[in-house]
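The values are calculated or read from the model by the stated rules, or taken from the named source; none is laboratory data. Since this is a predicted model, take the numbers as computed values, not measurements. We place every Cβ from the backbone using ideal geometry, glycine too, and count neighbours over all the protein chains shown. Only protein heavy atoms, including side chains, enter the accessible area calculation; ligands, DNA and RNA are left aside. Shrake-Rupley method; radii C 1.70, N 1.55, O 1.52, S 1.80 Å.
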Amino acid sequence: MKKSKRLLLIILLVSDLSLASFFSSAQNGIHEPISQPEWTREYKPFRIVGNLYYVGTYDLACYLITTSNGNILINTGLAASVPMIKSNIEALGFNFSDIKILLATHAHFDHVAGMAQIKKMTGAKMMINENDAAVLADGGMSDYVFGGKEKTFEPVVANRTLHDHDTVTLGEMQIVVLNHPGHTKGANSFLFDVKDEHRSYRVLIANMPTILSATKLSGMPTYPDVGKNYAKTFESLKKLKFDIWLSSHASQFALHEKHKPGDPYKPEAFVDQKGYDAAIDNLQKDYEKRLNGQ
Ligand SMILES: [Zn+2]
């Protein structure tokens, strides 16, 4: 074996890359930086509450909101998971082609890598926060942590850019978009009401303000205000009132403790203000520790 080849092999083995995703996506110049088995593991879709359904993978949450005028999909998981998301939606009795609006909690590959494909398949309109629009349009090249070298997902030019407190409307659904910057510049949470046969629920899909290990809270070259933005986001998240709490990763809101595949309809399983408060509190402690340490 030549020295250079051996070196490449060692680099691949010791780095935190999924070799499968490296080789499958390297052909089109797109490289998902990491992947974890739970991100692409199959998961049985289910009705969370009213017209809101879980259609994601074991850990990468994707949400379908149905309306009388077509459906909304929030987040996609990795590009390879698009067929799984499609079959999850169909297993619940809905048409994939009825997706009219695509939304994302933030423009990282693990939540938007399937957007380009789904947009092409359905003709849906992509809507993204104004501060993540550039990252979405350049496939992650301008992301303040993952950017610079290679695209991490297939680029999408948004049809509409969203601003803090904008409302996305489809049919009878009204979704309020809250900008919670830090994790990305345009990270969003979504707040909306859904109804079932018994009552109405206020739902929060929160973009939890986790901090990537490469983030310097004192300021990143292309995001000097990152630390300040995290502080604002914590303040906003702590004030929110809701009944049901969900987020971008199943693990963030303990989906697998609250619901087992095949369980009957039980929205109360996701009423968890205590869990939410504790999770935000933990993230804020991590934030303060990192801030003081840097
Ligand atoms: Zn992320």
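Of the residues Gly275, Gly262, only one is at positive phi and either open to solvent by 50 Å² or more (accessible area, probe 1.4 Å) or assigned to a helix (DSSP H, G or I) (or both); which?
Gly262
Return yes when Thr76 is under 15 Å from the mean Cα position of the chain (by Cα), of a type in the set (S, T, N, Q) and closer than 21 Å to Glu154 by Cβ and no when it is not.
Taking the combined requirement at face value, the residue satisfies it.
Determine which single condition Asp286 fails, assuming it passes every other condition in (1) among the acidic types (Asp, Glu); (2) open to solvent by 50 Å² or more (accessible area, probe 1.4 Å); (3) more than 16 Å from the ligand (Cβ to nearest atom).
That leaves (3) as the condition not met.
Could you check, for segment 141-153, whether at least one of its residues is away from the ligand (no atom under 16 Å from the Cβ), in contact (Cβ under 8 Å) with a residue 12 or more places away in the chain, in contact with a helix residue (DSSP H, G or I) (Cβ under 9 Å, 6 or more places away or on another chain) and open to solvent by less than 40 Å² (accessible area, probe 1.4 Å)?
The answer is no; no qualifying residue exists.
From the set of residues in segment 105-140 that are near the ligand (Cβ under 10 Å from one of its atoms) and in a helix (DSSP H, G or I), which is farthest from Pro37 (Cα to Cα)?
Across segment 105-140, the extreme among qualifying residues is Val112.
Does Glu42 satisfy the condition of being in contact with a helix residue (DSSP H, G or I) (Cβ under 9 Å, 6 or more places away or on another chain), closer than 22 Å to Gly182 by Cα, touching a residue at least 24 places away in the same chain (Cβ under 8 Å) and not polar (S, T, N, Q)?
So Glu42 does not fit the description; no.
Here's a check for you: in segment 218-235, which residue that is open to solvent by 10 Å² or more (accessible area, probe 1.4 Å) and hydrophobic (A, V, I, L, M, F, W, C) is nearest to the ligand (Cβ to nearest atom)?
Only one residue fits best here, namely Met220.
List the helices (runs of 4 or more DSSP H) that sit entirely inside segment 18-104 and contain at least 3 residues that are open to solvent by 20 Å² or more (accessible area, probe 1.4 Å) and either on the phi > 0 side of the Ramachandran plot or at pLDDT 95 or above (or both).
The qualifying helices (runs of 4 or more DSSP H) are 82-91.
Return the pair list, or none, for Cβ contacts closer than 6 Å from residues in segment 171-196 that are in contact (Cβ under 8 Å) with a residue 12 or more places away in the chain and over 20 Å from Lys238 (Cβ atoms) to residues that are more than 12 Å from the ligand (Cβ to nearest atom) and not in a strand (DSSP E or B), at least 6 apart or on different chains.
The qualifying pairs are Gly171/Asn69; Lys185/Asn131; Gly186/Asn131; Val194/Gly50; Val194/Asn51; Lys195/Gly50; Asp196/Gly50.
Do you know which of the residues in segment 167-213 that are more than 21 Å from Ala107 (Cα to Cα), open to solvent by 60 Å² or more (accessible area, probe 1.4 Å) and of a type outside the set (S, T, N, Q) is nearest to the ligand (Cβ to nearest atom)?
If we take residues in segment 167-213 being more than 21 Å from Ala107 (Cα to Cα), open to solvent by 60 Å² or more (accessible area, probe 1.4 Å) and of a type outside the set (S, T, N, Q), then Arg202 is nearest to the ligand (Cβ to nearest atom).
With respect to Asp164, determine if the residue is part of a loop (DSSP other than H, G, I, E, B), away from the ligand (no atom under 13 Å from the Cβ), more than 24 Å from Pro83 (Cβ to Cβ) and touching a residue at least 12 places away in the same chain (Cβ under 8 Å).
Yes: the conditions hold for Asp164.
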